[in-house]
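Coordinate-derived values only; no laboratory data. Source: prediction; values computed, not measured. Glycine gets a Cβ as well: all are built from the backbone with ideal geometry, and neighbour counts include every protein chain shown.
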Amino acid sequence: MNVIAFAGSSSKNSINKKLAAFAMSFFDEENCELLDLNDFEVPIYSIDREKEIGIPEKITTFSHKIDNADLVLISVAEHNGNYPAAFKSLYDWISRIPDRKVFNGTPVFLMTTSPGARGGASSMEIASKRFPRDGAKLISTYSLPNFFDNFKEGKIISSDFMEGFEQEISKVKNYFLDK
């Protein structure tokens, strides 16, 4: 099973990238790839730019990674109650590729985390409503609050939050077993 994981964040020290990497560790890492949005940086989307330059090659490359994945693990960051601009722009560019939806029917495990008690609840709510309309088969969701209290040395340290995470990972794995 080919798995891609990424954070909806361009931060070099993204806590959401750390959560995505942790989720990826539950799968055969030989067939997993952790993507960094910084490797796919393009101008902010606008219709004028699209008319001027067309769809950037980096966007086409990213969309092919989604198409070739059996599972996408996304941990969406939250900036002022919404996706970060870097992720939103990437999403907008992909949505402009002719004859496709952003996820093209790919199964998705959607996650989020934040330093606060809400754990990225606002971006999770937006993404869980938006992604299925853009072709994501949303298998499960997970939110980790208070990241710096509950995540250390590359893993969730709170037994309660870890138990909840493992339940969601089981749902994801069972989705593929049931197919």
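Rounded, prolate or oblate for the stretch 114-179? Axes are the square roots of the Cα gyration tensor eigenvalues, ordered a ≥ b ≥ c, and the cut-off for rounded is a/c under 1.5.
It is oblate, given that a/c is not under 1.5 and a/b is not larger than b/c.
For Phe151, list long-range residues whose amide hydrogen, built 1.01 Å from N in the peptide plane, is under 5 Å from its own amide hydrogen.
Ile157
Where does the chain land on Rg(C-alpha)/(2.2 N^0.38 Å)?
That ratio works out to 0.99.
Of the options Asn150, Asn174, Ser95, report the single residue whose Cα projects farthest towards the positive end of the charge dipole of the stretch 3-177 (beta-carbon charges: Lys, Arg +1; Asp, Glu -1).
Selected residue: Ser95.
Mind checking the full-extension length gain between Asp92 and Asn31? Use 0.36 nm per residue of separation minus the Cα-Cα distance, one decimal, nm.
Taking Asp92 through Asn31 to full extension adds about 19.2 nm, to one decimal.
In debye, nearest 20, what is the charge dipole magnitude of the chain about its Cα centre with +1 on Lys and Arg Cβ and -1 on Asp and Glu Cβ, if you could check?
Magnitude of the dipole: close to 440 debye.
Can you give me the long-range amide H partners of Gly8? Hydrogens built in the peptide plane at 1.01 Å from N, cutoff under 5 Å, separation of 5 or more residues or another chain.
Excluding prolines and chain starts, which carry no amide H, the hits are Ser75, Val76, Ala77.
In a Gaussian network model over the chain where Cα atoms closer than 10 Å are linked, find which of Ala117, Ala20, Ala69 has the largest mean-square fluctuation.
Ala117
Quote to one decimal, in nm, the extra length available between Lys51 and Arg130 on full extension: 0.36 nm per residue of separation minus the C-alpha distance between them.
Roughly 25.9 nm would be gained on extension.
Would you mind telling me which residue in Asp28, Asp160, Asp99 has the biggest mean-square fluctuation in a Gaussian network model of the chain, where springs connect alpha carbons within a distance under 10 angstrom?
For the chain, modelled as a Gaussian network with Cα springs under 10 Å, the answer is Asp99.
For the stretch 105-179 and the stretch 61-81, what is the separation of their C-alpha centers, rounded to whole Å?
Taking the Cα centre of each part, the stretch 105-179 and the stretch 61-81 sit 13 Å apart.
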